[in-house]
Amino acid sequence: MLIASILLLAAAPGGQDASPPAREALVLAPAEVTARWDAEEAKQGVVADARHFYAISNNLIGKYDKKTGKRIARWEGDKRLYPHMNSCVIDAAMLVCAASNYPAVPMASAVEFFDTRTMQHVKSVALAPFPGSLTWIERKGDKWWAMFANYPAERGGEGGRDHRWTVLMELDAQFQPLRSWHFPPELLARFAPMSSSGGSWGKDGLLYLTGHDRPELYAVKLPEAGTLLEWVATVPIPTNGQAVTWDPVQPRTLWSIERKARQVVASRVPAVR
């Protein structure tokens, strides 16, 4: 029984402090702002396609012209049905959005689909119970990648878990779990006491993540072995955490939000060598 208890402790996120120290991540030059627009809905995140950006705020999505910053359409949903839509990605002609019941417990998550042309809600996929609250989801190849955030109970989490239980999961086409990874303690400390709010795969094969508050972008990669992500680099960015996305046209251009100012910001991120 004693051996089994030790093994369980070593496998749990709370026991990760006993792991060997991670290699120190590079700190790159700050990202340079290339555009900044006011957007009333810029509370949770932003996503962009070739011609537009979409500002996200729980039950609101604003569609804006990238060249002029003018809002051209808006979707508003029932707050009871859409209490916390955190982020979206562009997938073909769809906005695919990560939603949850945060800060309610027990945690529950869903994936919401919208037509980018009509800005109408198309369908909702309620996910099976996962260990956390869905903050972002993105398709890569035929798999979905999703972040399930955890928080201390006083910040809207479930009792017995905190930010250390935040987990990256690979899902199949039907949103069923395939694999999962946790974060090294050094990176978790940058999230604390909250979690990872944004994430998107770069064309360089690295996964780029943001926390909830710090003006930082973290580049990570899957480990050669084991279950801890490898923290590769940190890039100072002009905005404080929240959901982000890469521009599909402009190389190395990241879209993010300045929540307090209700602004959407595009910035050029240096390459990770």
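The values are calculated or read from the model by the stated rules, or taken from the named source; none is laboratory data. Only a predicted model underlies this, so the values are computations on that prediction, with no experimental measurement involved. Cβ sites come from the backbone with ideal geometry, for glycine too, and all protein chains shown count toward neighbours.
Of Trp165, Trp145, all but one fail to be in contact (Cβ under 8 Å) with a residue 12 or more places away in the chain, in contact with a Lys or Arg (Cβ under 8 Å, 6 or more places away or on another chain) and among the aromatic types (Phe, Trp, Tyr); the exception is Trp145.
Mind listing whichever residues of the stretch 122-131 are within 22 Å of Arg161 (Cα to Cα) and either modelled with pLDDT of 95 or more or exposed (fewer than 11 other Cβ atoms within 10 Å of the Cβ) (or both)? Within the stretch 122-131, Leu127, Ala128, Pro129 qualify.
Residue check: Pro248 meets all listed conditions (1) in contact with a Phe, Trp or Tyr (Cβ under 9 Å, 6 or more places away or on another chain); (2) surrounded by fewer than 18 Cβ atoms within 10 Å (Cβ to Cβ) but one, namely (1). Among the residues of the stretch 169-219 satisfying the criterion of being out of contact with any Gly (no Cβ under 7 Å at 6 or more places or on another chain) and among the charged types (D, E, K, R), which is nearest to Glu32 (Cα to Cα)? Top of the filtered list is Glu216.
Put simply, of Arg80, Arg117, Arg155 the only residue that is out of contact with any Asp or Glu (no Cβ under 8 Å at 6 or more places or on another chain), closer than 20 Å to His212 by Cα and among the basic types (Lys, Arg) is Arg155. Given the options Ala55, Ala98, Ala48, name the one that is of a type outside the set (Phe, Trp, Tyr), crowded, with 20+ Cβ neighbours inside 10 Å and in contact with a Gly (Cβ under 6 Å, 6 or more places away or on another chain). Only one candidate passes the filter, namely Ala55. The criterion of at least 2 residues that are at pLDDT 95 or above and of a type in the set (D, E, K, R) is met, among strands (runs of 3 or more DSSP E) falling completely within the stretch 171-272, by 216-221.
In the stretch 220-232, is there at least one residue being touching a residue at least 24 places away in the same chain (Cβ under 8 Å) and of a type in the set (Gly, Ala, Ser)? The answer is no; no qualifying residue exists.
What is the number of the single condition among (1) free of Cβ contacts under 8 Å to residues at least 60 places away in the same chain; (2) of a type outside the set (Lys, Arg); (3) surrounded by fewer than 22 Cβ atoms within 10 Å (Cβ to Cβ) that Asp204 does not meet? For Asp204, the exception is condition (1). Restricting attention to the stretch 207-233 and to residues that are in contact with a helix residue (DSSP H, G or I) (Cβ under 8 Å, 6 or more places away or on another chain) and charged (D, E, K, R), the residue that is surrounded by the fewest Cβ atoms within 10 Å (Cβ to Cβ) turns out to be Arg214. For the stretch 157-170: of the residues being among the small types (Gly, Ala, Ser) and modelled with pLDDT of 80 or more, which is surrounded by the most Cβ atoms within 10 Å (Cβ to Cβ)? Of everything passing the filter in the stretch 157-170, Gly160 is surrounded by the most Cβ atoms within 10 Å (Cβ to Cβ).
Checked against (1) in contact with a strand residue (DSSP E or B) (Cβ under 8 Å, 6 or more places away or on another chain); (2) buried (at least 21 other Cβ atoms within 10 Å of the Cβ), Leu188 passes all but condition (1).
Note on the stretch 80-121: residues that are hydroxyl-bearing (Ser, Thr, Tyr), at pLDDT 95 or above and within 20 Å of Met147 (Cα to Cα) total 4. Scan (1) assigned to a strand (DSSP E or B); (2) out of contact with any Ser or Thr (no Cβ under 6 Å at 6 or more places or on another chain) for the single condition Val33 breaks and write down its number. Going through (1) assigned to a strand (DSSP E or B); (2) out of contact with any Ser or Thr (no Cβ under 6 Å at 6 or more places or on another chain) one by one, Val33 breaks only (2).
Please find, among Thr234, Thr227, the residue that is under 27 Å from Ser180 (Cβ atoms), out of contact with any Ser or Thr (no Cβ under 9 Å at 6 or more places or on another chain) and among the polar types (S, T, N, Q). Step through it out loud before you land on a result.
Details: Thr227 fails: out of contact with any Ser or Thr (no Cβ under 9 Å at 6 or more places or on another chain).
Of the residues listed, the single one that is under 27 Å from Ser180 (Cβ atoms), out of contact with any Ser or Thr (no Cβ under 9 Å at 6 or more places or on another chain) and among the polar types (S, T, N, Q) is Thr234.
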